[in-house]
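J.: One structure follows; several queries about it will come next.
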Amino acid sequence: MSSMRTGAQIVWEALVREGVTTVFGYPGGAILPAYDAMLEYPIRHVLVRHEQGATHMADGYARASGEVGVAIATSGPGATNMVTGIATAMLDSSPILCITGQVGSKVIGTDAFQETDVTGVTLPITKHNYLVSDVDDVAPTIHEALYVARSGRPGPVLVDITKDAQQASTEMQWDPGAVKLPGYRPDLRASDAEYRRAAELINGSKRPLILAGHGVQLSGASGEVRQFAERADMPVAMTLLGIGGFPALHPLNLGMMGMHGEAWVNQAVQEADLLLALGMRFDDRVTGNVKTYAPNARKVHIDIDPSEFNKNVKVDVALAGDLRMVLEELSPLIAAGDRKSWLAAIREMKGEVAVRDIQNLPDSGHLYAAHVIHDIWRLTKGKAVVVTDVGQHQMWEAQYYHHEQPRSLITSGGLGTMGFALPAAIGAKLAQPDAEVWVVAGDGGFQMTMAELATIAQEKIKINVAIINNGYLGMVRQWQEFFYERRYAATPLLSPDFAKLAECFGLTGMQVDKRQDVVPSVERARADERTVVIDFRVEQEDTVYPMVPAGADLHNMIRRPSPNPIVETADDE
Amino acid sequence: MQTRHTFSVYVEDKPGVLNRIASLFRRRAFNIESLTVGHTETPGVSRMTILVNSDVQGARRLEANLYKLVNVLRVHDITAEPAVYRELVMIKVATRTLENRIHVLQLAEVFRARVVDVAPDSVIVETTGTEDKIEGLLEVLRPHGVLELVRTGRVGMVRGPQSVMVEPAPQRPRSERPAAADDGSISYSV
């Protein structure tokens with residue numbers, strides 16, 4: 001009997017053998033057998049305050065480490081609370097494993113207490129999911145689920161395990177070898193002819209532009225992309241999730257493209273004669289109106305997921321495969337480039353419009369979000385892992401925090417999930433315990449998941465939280481300002497005193513409303529052993545510029561209003 | 001340009017696979033015109049024939065999306081290949097007068113359809129063929145009064161000796177142990 005294990009024990013045995021050390025979860029009836037068995041295994045369990053938090057933590061863990069993040073919850077409401085986090089991970093190709101308890105197999109379909117068809121609910125928002133009702137399936141399913149989550153285009157996988165499968169015992173079968181999935185093809189390769197065609201287009205281009213997406217970091221291809229760009233002398237524009245994949249201060253980096261990208265970046269896209277898209281999917285936030293998008297450019301698209309080809313933008317050549325491998329094969333075919341005149345032309349576009357908020361904010365004594373993010377960047381020397389929420393502060397972070405390292409910006413891009421930042425930062429911190437982790441969140445999004453402050457307190461986690469508090473749901477307010485005649489329906493927002501709130505949880509709280517107090521507060525936060533929440537009371541009706549209105553042409557941006565320059569840049573240091 | 005595309009899709013015969021396929025079509029906003037599914041020559045593998053209206057790019061994306069489903073083994077767009085298509089139909093036709101009945105039976109014979117049920121006031125006619133043939137039969141039967149109609153949807157197979165070899169999914173070993181119900185340590189309620 002000694003080699004017999006319950007399904008519950010097998011869950012942990014399998015996770016431990018797979019190298020999992022940390023899980024984020026919340027117990028409940030249908031998952032109780034697994035929780036009971038957990039005590040026997042070397043697993044750090046982080047008790048969350050809401051299962052959505054568990055999924056965002058697993059997601060943050062995955063994005064910061066490249067390993068699969070694991071979340072666990074009970075059946076019914078426990079599992080349905082995970083839905084937002086799973087969808088977030090799905091749209092951003094983040095590898096997470098969600099384990100949920102399910103009612104006993106004999107009562108499935110009877111509307112038993114806390115029964116929900118979780119595999120049905122999560123079917124369209126998972127890469128794959130499983131319902132396990134036989135104890136013999138537990139180990140191979142977890143092995144397979146982790147493999148599916150991390151291989152190919154990563155994504156969330158859910159394993160729903162009935163209570164009886166957790167309680168039954170069996171001799172555990174463990175095959176650590178490759179998973180046998182005859183229908184699963186994570187490793188595709190384009191034909192030699194397609195490689196030659198891509199090289200031909202790239203070598204023949206005069207005004208090429210690399211579009212670097214999340215795939216650069218997921219594939220671990222930052223080094224290859226950099227070598228490629230330098231050799232071919234090609235400038236690089238990044239998507240929001242591409243930020244960090246190419247060093248911000250590299251001379252070939254243009255910055256973020258798209259809806260809130262700088263005007264010269266979007267102009268370069270529109271004037272390019274070749275776009276080399278690396279691990280990005282031509283999202284509508286990136287393209288604006290697809291009919292007028294990059295009209296002069298041939299398009300070469302490299303992606304691990306062939307279903308992305310020609311989905312939004314028609315491309316000339318598509319190379320399927322893992323980006324790093326593809327670049328290794330493609331690079332020898334690429335001639336060393338000299339694109340001085342194109343780079344000079346971009347510099348000229350930049351010169352025309354290179355007036356950034358940070359240099360031009362009126363010195364009215366008011367605090368601007370740009371100040372805060374700029375100062376955090378300076379004081380952390382660009383080396384922090386920054387986890388943002390969704391909204392104006394997210395765009396300002398992308399504009400003013402210059403990321404040099406892969407996996408140093410963690411943000412909900414595709415789904416745009418408010419409430420993501422705080423829990424995701426907890427996951428990121430546990431994945432990279434030595435990293436300095438900053439949350440940049442708005443007053444709206446922070447309130448969606450701020451209960452996780454209790455998790456931080458209980459788990460003694462050290463992060464810093466910068467709340468960009470403008471008293472509005474700022475991005476929605478901005479849209480109302482631009483497109484709804486300033487009718488501020490349901491966007492003014494009353495918040496608690498966040499500094500006091502932090503104190504309630506036994507954390508440190510501060511409130512800042514003057515420019516000169518930003519630096520001292522950030523320094524104090526960095527020195528504090530406890531998690532610090534800083535409530536930055538910023539200018540209320542500040543606006544993210546520039547902006548391409550949804551569906552508008554990329555070259556028709558709402559530019560920044562005419563500046564009244566005050567000089568304040570990093571060069572002053 | 002939208003045209004009809006016929007896909008032969010080999011899938012693992014597992015619970016929920018049909019749901020995954022249907023969910024994909026819905027989510028990606030493709031309309032299924034018809035879908036049939038049944039066993040194949042390989043144990044554990046089912047074959048679907050799916051008929052979709054789409055342009056060429058859409059059909060390629062659909063194929064790529066189908067391949068993303070872990071349980072999908074093989075996708076074959078047979079639209080451009082020489083293939084045999086068949087559909088089965090059963091039509092219940094009203095035959096209130098003798099004249100009616102004779103006429104319906106004659107029509108059935110012309111179309112090489114079989115009569116599979118005869119009742120005092122109705123007959124059921126069954127036939128197999130292409131959609132065109134079935135439409136033709138329906139057109140001539142309709143004036144008599146079609147009481148009920150059921151069609152299977154299209155199945156298709158590429159002509160010639162080549163075949164799509166699909167490996168069956170490996171089966172997991174099962175341990176021998178007493179049936180769960182006999183085990184007192186297991187509770188089914190939460």
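J.: Scan (1) under 30 Å from B:PHE25 (Cα atoms); (2) in a helix (DSSP H, G or I); (3) not assigned by TED's automatic domain parsing to the domain that holds B:LEU18 for the single condition B:GLY58 breaks and write down its number.
T.: Evaluating B:GLY58 over (1) under 30 Å from B:PHE25 (Cα atoms); (2) in a helix (DSSP H, G or I); (3) not assigned by TED's automatic domain parsing to the domain that holds B:LEU18 leaves (3) as the failure.
J.: Considering only strands (runs of 3 or more DSSP E) fully contained in segment B:63-135, which possess at least 2 residues that are among the polar types (S, T, N, Q)?
T.: The qualifying strands (runs of 3 or more DSSP E) are B:122-129.
J.: Considering only residues of segment A:32-51 that are within 14 Å of chain B (Cβ to nearest Cβ) and in contact with a helix residue (DSSP H, G or I) (Cβ under 7 Å, 6 or more places away or on another chain), which is surrounded by the most Cβ atoms within 10 Å (Cβ to Cβ)?
T.: A:ALA34
J.: Please pick out the residue among A:GLY53, A:GLY78 that is in a helix (DSSP H, G or I), out of contact with any Cys (no Cβ under 7 Å at 6 or more places or on another chain), under 22 Å from B:TYR188 (Cβ atoms) and small (Gly, Ala, Ser).
T.: Numbers: A:GLY53 fails: under 22 Å from B:TYR188 (Cβ atoms).
Matching residue, one of A:GLY53, A:GLY78: A:GLY78.
J.: List every residue pair whose Cβ atoms lie under 7 Å apart, where the two residues are 6 or more positions apart in sequence or sit on different chains, the first residue falls within segment A:372-384 and is under 14 Å from A:GLN516 (Cβ atoms), and the second residue, located anywhere, is in a loop (DSSP other than H, G, I, E, B).
T.: A:VAL372/A:VAL538
J.: Name the helices (runs of 4 or more DSSP H) wholly inside segment A:162-258 in which the number of residues that are closer than 27 Å to B:GLU63 by Cα is 1 or more.
T.: Result: A:192-204, A:214-218.
J.: Of all residues in segment B:97-144, which are under 26 Å from the mean Cα position of the chain (by Cα) and small (Gly, Ala, Ser)?
T.: Answer for segment B:97-144, where residues must be under 26 Å from the mean Cα position of the chain (by Cα) and small (Gly, Ala, Ser): B:ALA108, B:ALA113, B:GLY129, B:GLY136.
J.: Next question. Kindly list the number of the only condition in (1) in contact with an Asp or Glu (Cβ under 6 Å, 6 or more places away or on another chain); (2) among the polar types (S, T, N, Q); (3) surrounded by fewer than 18 Cβ atoms within 10 Å (Cβ to Cβ) that fails for B:THR79.
T.: (1)
Residues are listed down the side, and each one gets a yes or a no for (1) in contact with a His (Cβ under 7 Å, 6 or more places away or on another chain); (2) within 14 Å of another protein chain (Cβ to nearest Cβ); (3) hydroxyl-bearing (Ser, Thr, Tyr):
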residue: B:GLU87; (1), (2), (3): no, no, no
residue: B:ALA94; (1), (2), (3): yes, no, no
residue: B:LEU105; (1), (2), (3): no, no, no
residue: B:VAL110; (1), (2), (3): no, no, no
residue: B:ALA113; (1), (2), (3): no, no, no
residue: B:VAL116; (1), (2), (3): no, no, no
residue: B:ALA119; (1), (2), (3): no, no, no
residue: B:SER122; (1), (2), (3): no, no, yes
residue: B:GLY129; (1), (2), (3): no, no, no
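J.: Just for segment A:86-125: of the residues that are more than 22 Å from A:VAL216 (Cα to Cα), among the β-branched types (Val, Ile, Thr) and not in a helix (DSSP H, G or I), which one is farthest from the chain's Cα centre (by Cα)?
T.: For segment A:86-125, the residue satisfying everything is A:THR110.
J.: Check segment A:103-113 and report whether any residue there is under 25 Å from A:THR6 (Cβ atoms) and buried (at least 21 other Cβ atoms within 10 Å of the Cβ).
T.: The answer is yes; a qualifying residue exists.
J.: Tell me yes or no: at least one residue of segment A:133-147 is buried (at least 24 other Cβ atoms within 10 Å of the Cβ) and under 27 Å from A:MET418 (Cα atoms).
T.: Within segment A:133-147, not a single residue is buried (at least 24 other Cβ atoms within 10 Å of the Cβ) and under 27 Å from A:MET418 (Cα atoms).
J.: Now for a separate question. B:VAL11 versus (1) more than 8 Å from chain A (Cβ to nearest Cβ); (2) surrounded by 17 or more Cβ atoms within 10 Å (Cβ to Cβ); (3) part of a strand (DSSP E or B): which is the lone unmet condition?
T.: (1)
J.: Looking only at segment A:179-215, which residues are within 21 Å of A:ALA272 (Cα to Cα) and touching a Gly at 6+ places or on another chain (Cβ under 6 Å)?
T.: Passing the criteria: A:ALA212, A:GLY213.
J.: Now for a separate question. Which of the residues that make up segment A:113-132 are within 20 Å of A:LEU181 (Cα to Cα) and more than 9 Å from chain B (Cβ to nearest Cβ)?
T.: Listed by number, the residues that qualify are A:THR126, A:TYR130, A:VAL132.
J.: So, one more: Go through B:VAL140, B:VAL150 for me and flag whichever is modelled with pLDDT of 95 or more and either surrounded by fewer than 14 Cβ atoms within 10 Å (Cβ to Cβ) or touching a Gly at 6+ places or on another chain (Cβ under 7 Å) (or both).
T.: B:VAL150
J.: Another question, then. I'd like the full set of residues that are more than 7 Å from chain A (Cβ to nearest Cβ), modelled with pLDDT under 70 and under 29 Å from B:THR42 (Cα atoms), limited to segment B:171-190.
T.: B:GLU176
J.: Another one. Going through segment A:477-534 one residue at a time, which ones are part of a strand (DSSP E or B), more than 21 Å from A:MET448 (Cβ to Cβ) and aliphatic (A, V, I, L, M)?
T.: Of everything in segment A:477-534, those that are part of a strand (DSSP E or B), more than 21 Å from A:MET448 (Cβ to Cβ) and aliphatic (A, V, I, L, M) turn out to be A:MET510, A:VAL512.
The values are calculated or read from the model by the stated rules, or taken from the named source; none is laboratory data. In this text, all values refer to a predicted model and were calculated from it rather than measured experimentally. Virtual Cβ from ideal backbone geometry, glycine too; neighbours counted across all protein chains shown.
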